[in-house]
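Everything on this sheet refers to the single structure shown next.
Where a number appears in this text, it was derived from the coordinates with a stated rule and is not lab data. What you are looking at is a predicted structure, and each value in this text was computed from that prediction instead of being measured. In this analysis, Cβ positions are derived from the backbone assuming ideal geometry, glycine residues included, and neighbour counts consider all displayed protein chains.
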Amino acid sequence: MRAAILFFLFSASAPGAFAVTPFLNEPDTGFNDGAVPTGQLPTLNSIKAIPDFEAVARHFMNVSDYAYYRTGAAGEFAYRRSLEIFSQVKLRPRTLIDVTNISLNTTIFGHKFTAPFFIAPAARAGLTHPRAELNLAEAAGAENILYAPSLSATKKIEEIAAVAVPGQVMFHQLYVSRNKTKLASDVKRIEAAGFKGIFVTVDNPVHGVRTRESRYGWPSTTDSDPEFTWESYQALRNMTSLPVIPKGIQSVEDALLAIKHGAPGIYLSNHGARQLDTSQSPLEVAIEIHENAPEVFSETFVFADGGVRYGTDILKLLALGVKAVGLGRPFMYSNVFGREGVQYLIDLLKEELTVDASNLGVADLKQLDTKWLNLGRLLAFVYRLDTA
Ligand SMILES: Cc1cc2nc3c(=O)[nH]c(=O)nc-3n(C[C@H](O)[C@H](O)[C@H](O)COP(=O)(O)O)c2cc1C
Ligand SMILES: *[C@@H]1O[C@H](CO)[C@@H](O)[C@H](O)[C@H]1NC(C)=O
Ligand SMILES: *[C@@H]1O[C@H](CO)[C@@H](O)[C@H](O)[C@H]1NC(C)=O
Ligand SMILES: *[C@@H]1O[C@H](CO)[C@@H](O)[C@H](O)[C@H]1NC(C)=O
Ligand SMILES: *[C@@H]1O[C@H](CO)[C@@H](O)[C@H](O)[C@H]1NC(C)=O
Ligand SMILES: *[C@@H]1O[C@H](CO)[C@@H](O)[C@H](O)[C@H]1NC(C)=O
């Protein structure tokens, strides 16, 4: 009997017995490759879910430009995990709750927005649309959600600021240049252009091992400063009156150090898994902080991004204590349709989030905490400070 089973497992008659799960960019929900004409755009209303934008962009952009957006670091295991990990956290819906008036309204650093999600900073929006970041800024303004352009944007800091609608609040991402004159000038320009906060990226002392993008000759160097430390962070804060939020926090230790150094907020991210392969997904970092030092979520304002593609992904991060959730690639892909595409994504995600919150039985997003989650096996793998 046992020999028979072994024979079955190892024989050619059981192909796929040991096959790994195929790697999916997006799940098969009917909008698959055949549905997207190469080099053309389908109608916007054929998009029914956020991952559909990836399929569209993959067929619309040329291979080189798509590879730049899509790349993760090295074998892209961290990229894959950032998408798949959300399915390992189970939701625990409550029933018989009046969910008629769910509001997504959120306050970020005292500024009012209509959703707890935002457009994360991503370089080179010009690869999909000639108006590049202007579309992202305008869509964010029309919908009143937060957008933070990248310092490596296609458009200039001042050009992006110029399309803001009255009262629109944007933050700006900052790479720390080794050239101190440039760094001072970048900070001054961001402040002068009217941005209300700075995400300083701390997860890239050097550019990651980005195999996929390197095949198309994308430059492998970023103007970032490998000497940047907490002391340099303090010096940077002294250069501006804007809140300076470290983006790329990936451990409970660094979350605590950020608070110790007076950071007004922290941003959990592994740079869309583009920097260090097999780094923990930001969802796992949020769980690590929740298990070891839950006070972090009340002592400082926590942003997070990485692999967020569904309303339920956002609910899970909010339940852990994250206050605002970013999306990078999906917004970049949506820009193949221009501003209208970006706005369509925002509406779709607002709708999904409202439907998901309703079915979870959350009448008010502020009630979300970990009682709404079953973290299951993930808890067994949490890094513990006390046994370290
Ligand atoms: C094409 C691309 C360019 C990016 N450029 C930057 C950047 O200039 N600065 C930065 O801090 N993060 C950058 N990121 C990381 C994003 O801010 C964000 O952390 C990441 O995209 C989130 O993961 P997601 O794409 O799965 O949503 C970039 C990401 C992508 C996909
Ligand atoms: C929802 O809003 C309506 C109209 O403002 C109000 O009458 C109702 O009491 C609200 N329900 C809940 C559960 O807050
Ligand atoms: C949410 O904010 C908008 C303005 O941005 C406002 O019109 C609306 O009444 C708010 N909704 C609730 C339930 O507070
Ligand atoms: C892809 O398009 C860009 C313009 O966005 C162009 O510069 C580049 O040469 C093209 N690459 C390929 C491989 O066609
Ligand atoms: C440093 O940056 C300034 C301002 O952008 C620029 O004028 C100068 O040429 C740069 N210096 C070096 C050595 O690159
Ligand atoms: C920042 O400014 C404070 C107060 O002016 C000062 O005490 C501190 O030494 C400065 N830090 C750095 C690193 O420049």
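Once backbone amide H atoms are built at 1.01 Å from N, Ile108 has Phe113 as its partners under 5 Å, excluding neighbours fewer than 5 places away on the same chain. Counting only DSSP beta bridges whose two residues both lie in the chain, roughly 20 percent are antiparallel.
To the nearest 20 Debye, how big is the dipole of the range 137-218 about its Cα centre, given +1 on the beta carbon of each Lys and Arg and -1 on that of each Asp and Glu? Walk me through the numbers before you get to the answer.
On the way: 11 positive and 8 negative charges, 89 e Å.
Using only the charged Cβ atoms, the result is roughly 420 debye.
Of the trypsin sites (Lys or Arg not before Pro) found in the range 159-190, the ones in coil according to DSSP and having at most 15 other Cβ atoms within 10 Å of their Cβ are Arg178. For the range 106-387, the dipole from Cβ point charges (+1 on Lys and Arg, -1 on Asp and Glu) about the Cα centre works out to 620 debye, to the nearest 20. Work out, in µm²/s and without decimals, the Stokes-Einstein translational diffusion coefficient of the range 275-388 at 20 °C, 1.002 mPa s, Rh from Kirkwood over C-alpha pairs. Diffusion coefficient, whole number: 138 µm²/s.
State the Kirkwood hydrodynamic radius of the range 106-387 in Å, one decimal place, computed from all pairs of distinct Cα atoms. Please report the intermediate quantities before stating the final value.
Details: mean 1/r = 0.0520 Å⁻¹.
The Cα-based Kirkwood calculation yields 19.2 Å.
Think of the range 57-135 as a dipole: +1 on every Lys or Arg Cβ, -1 on every Asp or Glu Cβ, centred on the Cα centre; then among Ala125, Ala67, Phe77, Phe77 lies furthest on the positive end. Selection among Gln280, Leu318, Leu375 by position relative to the dipole of the range 106-387 gives Gln280 as farthest towards the positive end (Cβ unit charges, Cα centre).
The calculated pair-distance distribution of the range 201-334 uses every alpha carbon pair, bins of 10 angstrom beginning at 0, and gives 12, 40, 35, 13, 1 percent.
Here's how it looks for Tyr147: its modeled amide H is under 5 Å from those of Ile119, Phe171, which are all 5 or more places away or on a different chain. Look at the dipole of the chain built from charges on Cβ: of Ile346, Thr114, Met239, the Cα furthest out on the positive end belongs to Met239.
Placing R0 at 35 angstrom, the Cβ-Cβ distance between Ser46 and Leu24 gives a FRET efficiency of 0.95 after rounding to 0.05.
Given the alpha-carbon gyration tensor of the range 41-149, what are the semi-axes of its equivalent ellipsoid in whole angstrom, ordered largest first, with each equal to the square root of 5 times an eigenvalue?
Semi-axes from the Cα gyration tensor: 28, 22, 16 Å.
List every DSSP H helix in the chain whose Cα atoms extend 27 Å or more along the helix's own long axis and whose mean Kyte-Doolittle hydropathy is at least -1.0.
Numbers: long enough: 339-360 (31 Å, -0.11).
Those that pass (Cα extent of 27 Å or more, hydropathy at least -1.0) are 339-360.
With n ≥ 4 as the cut-off for DSSP H runs, can you work out [θ] at 222 nm for the chain, using -39500 (n - 2.57) per run divided by the number of residues, rounded to the nearest 500? Display every interim value, and only then the final one.
On the way: 15 runs with 140 residues, N = 388.
Computed ellipticity for the chain at 222 nm equals -10500 deg cm²/dmol.
For Thr95 and Arg178, FRET efficiency with R0 = 51 Å and r from the beta-carbon atoms, rounded to 0.05? Computed FRET efficiency for Arg178 and Thr95 comes out at 0.35. Determine the alpha carbon to alpha carbon distance for each of Lys48/Lys316; Lys90/Lys316; Lys112/Lys196; Lys156/Lys196; Lys323/Lys350; Lys316/Lys350 and list only those over 19 Å. Table pairs above 19 Å Cα-Cα are Lys48/Lys316.
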